[in-house]
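Student: Structure in structure tokens, see below.
Each value in this text was obtained by applying a stated rule to the coordinates, not by laboratory testing. None of the values given here were measured: they were computed from a predicted structure. Cβ atoms come from the backbone with ideal geometry, glycine included; neighbour counts cover every protein chain shown.
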Amino acid sequence: MHGLRAVSHDAKMHVPPPGPLVVDSAAMVARKTTRSTSPTTRSRPTPSKPNDDHPTPSRKQARVAANGKSPNGKSPTRGQVIRKNKPDAPKKRGKLAVGDPAPELRLSSDDGKVHRLADYRGKRIVLYFYPRDNTPGCTRESCDFRDLHRAFSKANTVVLGISGDSLESHNKFRRKFELSFPLLSDPGHQVARVYGAYGPKTLYGKTVEGVIRSTFVIATDGRIEQIYSPVRVDGHAQKVLSSIAE
């Protein structure tokens, strides 16, 4: 048709290689993330026609080793395509270890406040993750920390409980058992995942994914001092207190 320009399919679009993935590990703030549920599909590449002015290199020429040599081991000749090494992708972060900086958090509690670890700098923090309010094991564990709360306070230590329950559930649970410390709500278990307190575990002989009962003792300088995971409820609070008093 008149007035329309024909676009040649011979021209290739130059796509630069992907740059390094930058991950900010200085702080982790709990927030909701959207995940794609549909699998990624790749469209088949459309073969391009050769261009007499700029010959397309053969498939063998395009495949080069990471050391900059051609597939036959010789130095690349004129006209070969040299593919540079891609930067290494950052390794996935494993479980936290003693001595690591404790990941920052920002979670609401049933007392109407937003809590951060930075708010307690200069104090020791006992951060314990538990599966659910009003369950037998979680109730015993929370009540044990309640009974020893005065001793923890004398040791300049703050106790914070974390689960994925709502603030309303936390409020009822804390009032029912007269818990003397805040319970933080971690919807979606984002903070638990960062601390390695959420993942595969064995429950009644089956492997399921959920909260792994864990306790982290954070020193006054913000570094992890002790890790208990998985936790056995009976005697756990006393064990934590004894380790702090040593």
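Student: What net charge is computed for the residues neighbouring residue 233, neighbours being all others with C-beta under 12 Å from the C-beta of residue 233, Lys and Arg scored +1, Asp and Glu -1?
Tutor: Neighbourhood net charge equals +1.
Student: Also: If packing is taken as the average number of other Cβ atoms within 10 Å across a peptide's residues, how do 198-205, 220-227, 135-142, 155-162 rank, most packed first?
Tutor: 155-162, 135-142, 220-227, 198-205
Student: If we count every other residue with Cβ under 14 angstrom of residue 120's Cβ, Lys/Arg +1 and Asp/Glu -1, where does the sum land?
Tutor: +3
Student: What ranking do 154, 239 get, fewest neighbouring Cβ atoms within 10 angstrom at the top?
Tutor: By the 10 Å Cβ count, ascending, the order reads 154, 239.
Student: Between residue 154 and residue 203, take the C-beta separation as r, use R0 = 30 Å, and let me know the FRET efficiency to the nearest 0.05.
Tutor: 0.25
Student: Output the relative contact order of segment 106-245, whole-number percent, from Cα pairs under 8 angstrom with separation of 6+ residues.
Tutor: Relative contact order comes out at 30 percent.
Student: Grab the other residues whose beta carbon is less than 15 angstrom from that of residue 246, score K and R as +1, D and E as -1, and report the net.
Tutor: +2
Student: A further question follows. Given charges of +1 on the Cβ of Lys and Arg and -1 on the Cβ of Asp and Glu, with all other atoms neutral, how large is the dipole of segment 131-230 about its Cα centre, in debye to the nearest 20?
Tutor: Result for segment 131-230 is approximately 180 debye, rounded to the nearest 20.
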